[in-house]
Structures are given as C-alpha cells and as structure tokens.
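Q: Would you mind keeping the following structure in view while I ask a few things?
Where a number appears in this text, it was derived from the coordinates with a stated rule and is not lab data. Owing to the predicted nature of the structure, the values given are computational and were not obtained by experimental measurement. No Cβ is skipped: glycine too gets one built from the backbone with ideal geometry, and neighbour counts run over all protein chains shown.
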C-alpha cells in the first residue's frame, strides 16, 4: 500500500465530495447535504479560504480527509476546529484516520492554538473509541444549536 498524506488541492474536490456524501449516508443525514463542489472550491480555494484540507491517498486514490478551520474563543483565543475526519469504509482500521488526525494535531501545535475541538455523534462508538486514544475531554454539558440556511432566510 503506497500511502500519502498531503495538503488538499482544488483538483481533489470531486473525490473529497464523494467522501462527504459517504459520511452523510453513514450519519443518516444525506438529505441535509446542500453544499456543492463549486461552493467548496470558492470557500476553500478562493480569495478568503474558509477551511483547510488534508487528504490521504492510497496508490494515488483519495481515501480520506481532514477538513478544519480556525475559530476564535473569547476564553482561549485562536482555536482550531476539526469539521470532519473521514476515511472511506474500505480503508478504515488501517491507521489512516490516525495519520490524518495527527497531521491536524501538528497544525494546531504549529499555530499555537488555545483549543483544538471537534464533535462526534453520541452513537458513533468507533469514532468515540478512536478519540479516547487522545487526551480528549467529552463535554456532555454543551448543547449544539443550529439555524439552517432555509430558516435563516425566514428571519
């Protein structure tokens, strides 16, 4: 297996989007996926990038990704938020997720962030067990709040 971990490029986005679709199906939320490759191109590779991307390739085929961005905490300062860590089903449990996650950890340390955070669904036992390999604090006291694009338009 010839594995490469590298920065994502604009040319990767069609394969990146397939991984995102796979994740949406896995999370039983495919109806909520409204993003497009075109949006991702503008948002990640336009004049004001909103995210950064690390990808994993096996034999030049994209099999995983870590998508993250910077946020700001009034308590912690500059922070890094991992939006998604995805490894396609066929390549799970081969250490690829760990390599991707560790690359994001390196980035967080390099940027000297005050906090590195992400979310995991409470029913996703494999992901929870994966994150237990790190000094992860699971914050059960926080409630996620969201207003969808559709609902924003109504306001």
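Q: Test of understanding: extend the Cα→C-beta vector of residue 4 to 7 Å, then name every residue of region 25-57 with backbone N under 14 Å from that spot.
A: Inside the label zone: 55-57.
Q: Please report Rg (one decimal) and Dmax (integer) in Å for the Cα set of region 17-67.
A: 12.1, 33
Q: In which sequence would 118, 123 go, from the one with the fewest C-beta neighbours within 10 Å to the one with the most?
A: 123, 118
Q: Take 98, 109 and order them by how many other Cβ atoms sit within 10 Å, fewest up front.
A: 109, 98
Q: Taking the simple approach of a point 7 Å from Cα along Cα-to-Cβ for both residue 31 and residue 140, what is their distance in nm?
A: According to this spin-label approximation, the distance is 3.0 nm.
Q: So, one more: Can you check what the Kirkwood hydrodynamic radius comes to for the chain, Cα pairs only, in Å to one decimal?
A: Hydrodynamic radius (Kirkwood, Cα only) of the chain equals 16.8 Å.
Q: When a/c reaches 1.5 or more, the comparison of a/b and b/c decides; with that in mind, is region 74-155 rounded, prolate or oblate per its Cα gyration tensor?
A: Oblate.
Q: Further, regarding this structure: Do the sum for the chain: with -39,500 (n - 2.57) for every DSSP H run of n ≥ 4, divided by all residues, what is the mean residue ellipticity at 222 nm, to the nearest 500 deg cm²/dmol?
A: That calculation yields -9500 deg cm²/dmol at 222 nm.
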